[in-house]
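Note sheet for the following structure.
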Amino acid sequence: MNGTNRRFKRLFDQKSGNSLILALDHGANEGMIEGLGSIQSILESLPASGVQGVILNKGLARHYGHLVPLDVNLIIQLNAGTRHGSPAYNKNIVCSITEALRLGADAVSMHVNIGNELEDRMLVDLGEITDEAHQFGLPVLATVLARGSQIVNEHDSSLVAHCIRIGAELGPDIVAVSYPNNGDTFVKAVAASPIPVLVTGGPLGQNVEGAMNNTKQGLESGCKGCCIGRNIFQTENPIESLEKFAQIAHKKPVISED
């Protein structure tokens, strides 16, 4: 078993076989949005949360990486963009594999948006980063979303299925996609994927119930867990929200408070 496979297995709970990834890399894209000020306290409370990995940009990894428990994987986000950019869906490499390793990375993460004039370069970045990461024994998590000038509905089942297939075809070890809102193409794409598929949380709505329901439906469709960010750190009690997602992701019984 090589290093990539060993680290890959650690990204999934041994009992449930599923993964809960906490994404805390939103600051580079969104700026100082609500909830980002609580990252330190969230990381300090992780041991009892049931999370398998935490995604951080390299700056926060440098300052807060030591707070990530040793039994939780540190995942370094390698590319970024801002919502003020032109276009806002552009992502560029901002961290190298060697820098991620110096920061203690157990895995690395890439974000790719398809359906726009920059997808060719982002796909090249994903292919090259995956090759280099595997040379160093690091698994790659790719979040692939349909966003851009050519996209009408990024949650269309056929588009989400295409995002899954890109993950399967271009070499990352795990692919994270949004949960679709129509059709059964998603289920077929998940079943045909040789790599695990995770469901992303999506934008924060009135509450986290919608994201939790998407996670449940994703698991029923064959997904192996979820990658959640703002639907945890932007809630009133992030650790409580994290534990609820952990119960869903790992199919644990909910304990009644009565």
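The values are calculated or read from the model by the stated rules, or taken from the named source; none is laboratory data. Small disclaimer: the values here were computed from a predicted structure and weren't measured. We place every Cβ from the backbone using ideal geometry, glycine too, and count neighbours over all the protein chains shown. SASA here: full protein model, heavy atoms, side chains in, ligands and nucleic acids out. Shrake-Rupley method; radii C 1.70, N 1.55, O 1.52, S 1.80 Å.
Filter region 123-133 for residues that are open to solvent by 10 Å² or more (accessible area, probe 1.4 Å) and among the hydrophobic types (A, V, I, L, M, F, W, C) and give the result. Listed by number, the residues that qualify are Leu123, Val124, Ile129. In this structure, Gly171 qualifies as surrounded by fewer than 19 Cβ atoms within 10 Å (Cβ to Cβ), touching a residue at least 24 places away in the same chain (Cβ under 8 Å) and either at negative phi or out of contact with any Asp or Glu (no Cβ under 6 Å at 6 or more places or on another chain) (or both). Run down Arg83, Arg6, Arg10, Arg62 and say which single residue is under 29 Å from Asp120 (Cα atoms), in contact (Cβ under 8 Å) with a residue 24 or more places away in the chain and open to solvent by 60 Å² or more (accessible area, probe 1.4 Å). After ruling out the rest, the residue left standing is Arg83.
All told, Asp120 falls short of being of a type in the set (Asp, Glu), in contact (Cβ under 8 Å) with a residue 60 or more places away in the chain and either farther than 17 Å from Ala23 by Cβ or surrounded by 17 or more Cβ atoms within 10 Å (Cβ to Cβ) (or both). Give the residues of region 179-236 that are open to solvent by less than 70 Å² (accessible area, probe 1.4 Å), over 23 Å from Ser41 (Cα atoms), part of a loop (DSSP other than H, G, I, E, B) and polar (S, T, N, Q), sorted by residue number. Across region 179-236, the qualifying residues are Asn182, Ser193, Ser221. The requirement of being β-branched (Val, Ile, Thr), within 18 Å of Val177 (Cβ to Cβ), touching a helix residue (DSSP H, G or I) at 6+ places or on another chain (Cβ under 9 Å) and in contact (Cβ under 8 Å) with a residue 24 or more places away in the chain is not satisfied by Val51. Of everything in region 29-59 that is among the hydrophobic types (A, V, I, L, M, F, W, C) and surrounded by fewer than 18 Cβ atoms within 10 Å (Cβ to Cβ), the residue that is nearest to Ile228 (Cα to Cα) is Leu36. For beta carbons closer than 7 Å, sequence separation of 6+ or different chains, a first residue in region 25-39 that is over 17 Å from His111 (Cβ atoms) and in contact (Cβ under 8 Å) with a residue 60 or more places away in the chain and a second that is among the hydroxyl-bearing types (Ser, Thr, Tyr) and surrounded by 15 or more Cβ atoms within 10 Å (Cβ to Cβ), the qualifying pairs are Ile39/Tyr64. The residue that is surrounded by the most Cβ atoms within 10 Å (Cβ to Cβ), counting only those in region 134-165 that are in contact with a Pro (Cβ under 9 Å, 6 or more places away or on another chain), touching a residue at least 40 places away in the same chain (Cβ under 8 Å) and outside any loop (DSSP other than H, G, I, E, B), is Leu141.
Condition check ((1) within 19 Å of Gly171 (Cα to Cα); (2) touching a Leu at 6+ places or on another chain (Cβ under 6 Å)) across all residues:
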site	(1), (2)
Arg7	yes, no
Ser38	no, no
Gly53	no, yes
Leu60	no, no
